[in-house]
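Colleague: One structure follows; several queries about it will come next.
Every number here is computed from the coordinates shown, using simple stated rules; none is lab data. Model, not experiment: these values are computed from the prediction.
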Amino acid sequence: MKTKARHLTGLLLAVLLLMAAGSALGEMKALKRAEGNNVGVVVGMNWRNALYGGAYGEPEYYHQFPRGSSNIFFCWGWGWGPSAVFDLNGDGLCEDTTFFEGRGWTFDAGVGSLEQRDLIMSLVNSGERMSQAARRLEVTRVYSSLDAEDVAAWPPEFRSGRSMDGAPIFHGAETISVLRTDSWRTNFAQPLGGSLEQSFYFLNFAESNNMVYGRAFLRNMSEYVQYNESPQFSTRAKQAPDGFTWVEMTIASCVHTLQAGTEYPGWIYHPARQITGFYQIAGIEPAFTPKEAPIIGQMMTRYPSHNGETMHLTNFNLQSEDYGFNASQDVMVGGFPRGMGYRWQLGDINQIRELFPGITNPFTGKPMFGFPGRLDPDDARYNQWLWGADSYRHYTAFGILHDITPRDTVSFDFVYMWCPVAAGKAYAMPPRDIANMDDPGMQAACKPLETYADVALAVAGGDYVLPETPVPPAMTIIPGDRQVTITWNDANLYVPDAYYYFLQHNPDLDPEHVYREYDFEGFRLYRSFVGPSDTHSELIYQSSVTDKNLGFYYVDRLNDDVGKFRMRNGLKVWYALVPYDKNYDPATGNEFSLPTAASGKIWNRPGSGLFTVIPRSDASNFKSATVQDVKFVSTWPGETLDVAFVKLAGADHKLTEPPKAM
């Protein structure tokens, strides 16, 4: 009996926490530890290298919270992946099913996007082995917005308009982006021909400082599978040279072997909020500072949709033994047919009873089709936290979309939340038995993660708008005789903070209306004699609106450098101008300022490129600025004004004296 089984997309989404491995190819980074906020996760490209190459004892693969601390989180894999059923030759029958393969083995580093089609076809036509060629391309790397070379080469897949002319799409203090594909894979099931583009946003304000936001973009590029070097895949795909339709698609998240410090944490799950995550069983981790371990959660902030359909959570399963039940069945890599694993993702109890025969779900009293499975609104525990002890591996499944035709796209947003636990507030899990299933202490302990989720939904829904840090204005730097004059404009005074307008559309986030629309406060000017170095910089000037001493120029003189007198002719000097603001936290009313004093500085960049300032180096050739030309401008024909516009020129046509305010 032929059934039109629906098609399953195996795509490896956010390998955010996949410790990508392999050696970096020069500047072609294979992995990058985030620097943009308080979460020091490692974003990588190659899941399998992370699994087999990223061994214990190799700190470059470890995630940190807080970033830079010795609080280590090791994870073999943490990512999202589609599964699908598909019709390879367009005859209306679905010949194959591919799926997540448990830990997301199906998508790997490489280029398979529409925007790179000309490059891909040039490699195909030259006879390249695409499994190798697609990985060694310069575009196949981890991109960070904090790397100037990456920004200059930012690929079109992550630009507005999806062209090299469009601006890179950045959010927060750092954006990290990676390209992945399964078109060139030569093992496992038939490739889907998916192009996966992932960006991770590191925002550094309030609760978002402890989160990693993400966006995943998936395009059906199955037209490439005919060029796969494996005949078992390419021969079939050539029957559909324009690509084949993913008749049906689901998406799952897999977290494999998360270890916090020295222990595997327990699991937590809120069915109504569709939040899954981890909780340290003892509440504390002795190896951590502070010892109170954070609560870690993940969820979608925007669900995948296509042709009027929207995915939602359909099943959740752990390899776990809790409440007297042995539910350690791995439904993805447990040796079951791919079709069964796919049907499990859909949560169709009528088709997957064989996975948990005769077992009643302790959370619902209904037949088991996943542990803890999907809870529905009529279940008593639908709107509370479920929890347990073992989180060696778990899957969160979402379904279902239909008829993703060649070059169609699907996208969604997600967030990873690292919720700190206040000092002295750690709570240990009680024994995992039926009597403690609704323990109020665990409900209260997990409650802060719901607040984090509310913030994440608001921030993601507002397109990641947060309080804005003032942008440094262009500087004019004038070298003189044992002095340097720095001037800048007053543009910061007239630039509003876009977060103010976001709050006007979300009044519940600022009930007291404390956030200011125009929050610019003043300038700080830093100087360095050893290069563009924050470490060796010194604050030489500060002004503010509050102190009523706001200024737009500074003359740095030799005699003002009391004790050192370093401003000598011929010596290189670097400057950084940092505008800062003053505003009030809508949640607490507390005053804050951006950027913080410890934030990085932008050194001498009024245009593009880094330059230095050298006070006049040849005293014998010094020439004071003189009037070279005077032009009188008339308002009426035949009349003249007593206002002169003067052009000054000094040695080599450069000003060698400070400007004078008129």
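Colleague: Using a Cα-Cα cut-off of under 16 Å, which aspartates and glutamates could be cross-linked to LYS548, ignoring same-chain neighbours fewer than 8 residues away?
Modeller: Counting by Cα, and skipping residues close in sequence, LYS548 has these aspartates and glutamates nearby: ASP490, ASP519, GLU521, ASP581.
Colleague: Would you please state the base-10 log of I(q)/I(0) at q = 0.28 1/Å for the stretch 429-481, with intensities from the Debye formula using one equal scatterer on every alpha carbon?
Modeller: Debye intensities relative to I(0), on a log10 scale: -1.05.
Colleague: Okay, next question. Determine, at each q value in 0.11, 0.24, 0.26 (inverse angstroms), the log₁₀ of I(q)/I(0) that the Debye formula gives when each Cα of the stretch 473-540 is one equal point scatterer.
Modeller: -0.49, -1.08, -1.17
Colleague: Still on this model: Could you give P(r) for the stretch 497-603, binned at 5 Å from zero, as whole percent values over all Cα-Cα pairs?
Modeller: Pair shares across the bins are 2, 11, 17, 17, 15, 12, 9, 6, 5, 3, 2, 0.
Colleague: Equivalent-ellipsoid semi-axes (√(5λ), Cα gyration tensor) for the stretch 182-222, whole Å, largest first?
Modeller: Semi-axis lengths for the stretch 182-222 are 33, 10, 6 Å.
Colleague: Hey, another quick one. For the stretch 246-364, count the residues as N, evaluate 2.2 N^0.38 Å, and divide the Cα radius of gyration by that value, please.
Modeller: 1.23
Colleague: Give the dimensionless ratio obtained when the Cα radius of gyration of the stretch 271-333 is divided by 2.2 N^0.38 Å.
Modeller: Compared with the compact-globule rule of thumb, the stretch 271-333 sits at 1.55.
Colleague: So, one more: If you split all Cα-Cα distances of the stretch 179-251 into 5 Å bins from zero, what percentages do you get per bin, shortest first?
Modeller: The percentages, shortest bin first, are 3, 16, 21, 17, 13, 8, 7, 6, 5, 3, 1.
Colleague: When you have a sec, figure out the Kirkwood radius of the stretch 158-212 from all distinct Cα pair distances and drop it here in Å to one decimal?
Modeller: Every distinct Cα pair counted, the radius reaches 13.6 Å.
Colleague: Cross-link candidates for LYS366: which aspartates and glutamates have Cα within less than 14 Å, leaving aside residues fewer than 8 places away along the same chain?
Modeller: Cross-link targets: ASP348, ASP376, ASP378, ASP379.
Colleague: Send over the Kirkwood Rh of the stretch 214-265, from the inverse of the averaged 1/r over different Cα pairs, rounded to one decimal Å.
Modeller: Averaging 1/r across every pair of different Cα atoms and inverting gives 14.4 Å.
Colleague: List the pair-distance distribution P(r) of the stretch 382-466, using every Cα-Cα distance, as the percent of pairs falling in each 10 Å bin from 0 up to the bin containing the longest distance, rounded to whole percents.
Modeller: Spelled out per bin, shortest first, that is 12, 31, 33, 17, 7, 1.
Colleague: If the cut-off is 16 Å between C-alpha atoms, which aspartates and glutamates fall inside it for LYS238, apart from same-chain ones fewer than 8 positions away?
Modeller: Here the aspartates and glutamates satisfying the reach criterion relative to LYS238 are ASP87, ASP91, GLU95, ASP96, GLU223, GLU229.
Colleague: May I ask you to work out the translational diffusion coefficient for the stretch 64-145 at 10 °C, viscosity 1.306 mPa s, via Stokes-Einstein with Rh from the Kirkwood sum over Cα pairs, reported in whole µm²/s?
Modeller: 96
Colleague: So which of LYS291/LYS447; LYS32/LYS291; LYS291/LYS582; LYS32/LYS447; LYS29/LYS601; LYS32/LYS601 end up more than 30 Å apart, counting from Cα to Cα?
Modeller: LYS291/LYS582; LYS32/LYS447, as the Cα separations exceed 30 Å there.
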